[in-house]
Amino acid sequence: MIYNFSAGPSVFPKAVLMQAQQDLLDWQGCGQSVLEMSHRGKFFPTIAEQLESDLRSLLAIPDNYKVLFLQGGASAQFSLIPQNILRGKTKACYVKTGAWSEKAVLDARSYCDVLVSASSENTAYTTIPEESTWALDEQAAYLHYTTNETIHGVEFSTIPDAKGLPLVADMSSNILSRTIDVSQFGLIYAGTQKNMGPAGVTVVIVRDDLLGYASKTTPPVFDYQAQAKNHSMLNTPATYNWYLVGLILKWLKDLGGVAAIEKMNIAKSAKLYQAIDQSSLYSNPVAIAHRSRMNVPFILADATLDQEFLNSAEANGLFELKGHRSVGGMRASIYNAMPEAGVQALIDFMIEFERTH
Ligand SMILES: *Cc1c(COP(=O)(O)O)cnc(C)c1O
């Protein structure tokens, strides 16, 4: 048995892979593989409609929001958000809580004045600044933050008060892992390769009143309104990837939806943090209130053991535990599709490794 703790692309539910295997040559008896289908043909529109309606129902997305399935990853959105929703304004507020929000700030600077409303850089991104200290500017076009910092393992447990600004959230690594009130947001975006499928699709959920402001130089395929009008098919979409995301959504629905998986995510992460906190070899630097349920970084008290830890983890079927190169140490990504048995196997291994070292 192999468990894959990769931060992304990441583990798929086995049942979904088997369904994809079964459908590969012939989707539901139609005689075509999804890989071969025209996006405007007889069969694919059914897959596309189901995909959107399942995402709408899983996240309870209100009717005044459009759902887009784009390409370019969350990284493209770092530039596309200011290009689309500045609405004639010149400023945007950003909260920096880790490597990904840092990148979002960097890219936005090409398009507008960025006001860094708060930053936890001075704590090496191990905490989230008190909301009461955030500097918001009512002239700003929006407030951007990253709900879960995939590299630093820092997660917001509540939705911040944007004081009337449209709230924009990068949810790449925790979308569908916990219930959220979409109506609190102006725009939500997420690459699919962490928690909802393969690489190659970027979900954008955007409130209607923010549409129609793309700058003249924005490529039409990256103009939210143009894509919304064309059901994200202004050009050829990543058809097979849409289908795979659809299978993940169906799997999640069958499991009981977001509230049900959230319970499992709480249990899985609590177990792993407890094991880390109880050991004298492993530690996690993040403030307890802001620890991520999805990405659990930890360091070994003796870094000279790192390589042996990784080698011996692999020998025990536990893969991709190396921490991001910018922070070092280890990181276990335990997304929706990671079974509790995988987390338990990791804990058992960690205890045994500590005992023998
Ligand atoms: C992975 C990730 C990204 C970047 O995604 P790409 O698809 O590689 O562009 C951005 N933000 C967060 C929070 C991520 O986890």
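The values are calculated or read from the model by the stated rules, or taken from the named source; none is laboratory data. This structure is a prediction, so every number in the text was calculated from the model and none was measured. Because the Cβ atoms are built from the backbone with ideal geometry, glycine has one as well, and the counts that use them run over all protein chains shown. Ligands, DNA and RNA are excluded from the accessible area calculation, which covers all protein heavy atoms including side chains. Shrake-Rupley method; radii C 1.70, N 1.55, O 1.52, S 1.80 Å.
To the nearest 500 deg cm²/dmol, what mean residue ellipticity at 222 nm is calculated for the chain from DSSP H runs of n ≥ 4 alone, each contributing -39,500 (n - 2.57), summed and divided by the residues?
That calculation yields -10500 deg cm²/dmol at 222 nm.
Top mean-square fluctuation among CYS112, CYS30, CYS93, Gaussian network model of the chain, C-alpha springs under 10 Å?
Fluctuation is largest for CYS30.
Once you have a ≥ b ≥ c as the square roots of the Cα gyration tensor eigenvalues for region 33-167, tell me rounded if a/c is under 1.5, and otherwise prolate or oblate according to whether a/b is larger than b/c.
In terms of gyration-tensor shape, prolate.
Any idea what diffusion coefficient region 15-255 gets from Stokes-Einstein, in µm²/s, Kirkwood Rh on alpha carbon pairs, 20 °C, 1.002 mPa s?
The diffusion coefficient I find is 115 µm²/s.
Mind scanning LYS163/LYS194; LYS91/LYS271; LYS163/LYS322 and naming the pairs with a C-alpha gap bigger than 32 Å?
Violating the 32 Å Cα-Cα cut-off are LYS91/LYS271; LYS163/LYS322.
For the pair GLN50/THR133, report the inter-label distance in nm, with labels modelled 7 Å from Cα in the Cβ direction.
Each label point lies 7 Å from its Cα, and together they span 5.0 nm.
Tell me, what is the per residue accessible area of region 283-325 in Å², probe radius 1.4 Å?
In whole numbers, region 283-325 has 52 Å² accessible per residue.
Are there any helices in the chain, counted as whole DSSP H runs, that stretch 30 Å or more along their axis by Cα and score at least 0.0 on average by Kyte-Doolittle, and if so which?
Membrane-span-like by this rule: 257-278.
If the cut-off is 16 Å between C-alpha atoms, which lysines fall inside it for LYS253, apart from same-chain ones fewer than 8 positions away?
Excluding near neighbours in sequence, the set is LYS14, LYS263.
Using Cα springs under 10 Å in a Gaussian network model of the chain, which residue among SER57, SER75, SER101 shows the largest mean-square fluctuation?
It is SER57.
Just read off the accessible area of HIS231 with the full protein assembly in place, 1.4 Å probe, to the nearest 10 Å².
130 Å²
If R₀ is 45 angstrom, what is the calculated FRET efficiency for the pair ILE288 and LYS42, using the beta carbon separation as r and rounding to 0.05?
Given R0 = 45 Å and the Cβ-Cβ separation, E is 0.25.
Is region 158-247 best put as rounded, prolate or oblate by its Cα gyration tensor, with a ≥ b ≥ c the root eigenvalues, rounded for a/c under 1.5, and otherwise prolate when a/b is larger than b/c, oblate when not?
Oblate.
So for region 257-356, averaging the separation of alpha carbon pairs under 8 Å that are six or more residues apart and normalising by length, what relative contact order in percent results?
Once divided by the residue count of region 257-356, the mean separation gives 30 percent.
Could you check which residue among GLY328, GLY197, GLY31 shows the biggest mean-square fluctuation in a GNM of the chain with a 10 Å Cα cutoff?
Result for the chain, Cα springs under 10 Å: GLY31 fluctuates most.
Let a ≥ b ≥ c be the square roots of the eigenvalues of the Cα gyration tensor of region 257-356; is it rounded (a/c under 1.5), or, if not, prolate (a/b larger than b/c) or oblate?
In terms of gyration-tensor shape, prolate.
Nearest 20 debye, what's the magnitude of the dipole of region 242-302 about its Cα centre given +1 on Lys and Arg Cβ and -1 on Asp and Glu Cβ?
240 debye
Taking the Cα centre of region 257-356 as origin, work out the dipole magnitude from +1 charges on Lys and Arg Cβ and -1 charges on Asp and Glu Cβ, in debye rounded to 20.
For region 257-356, the charge dipole is close to 400 debye.
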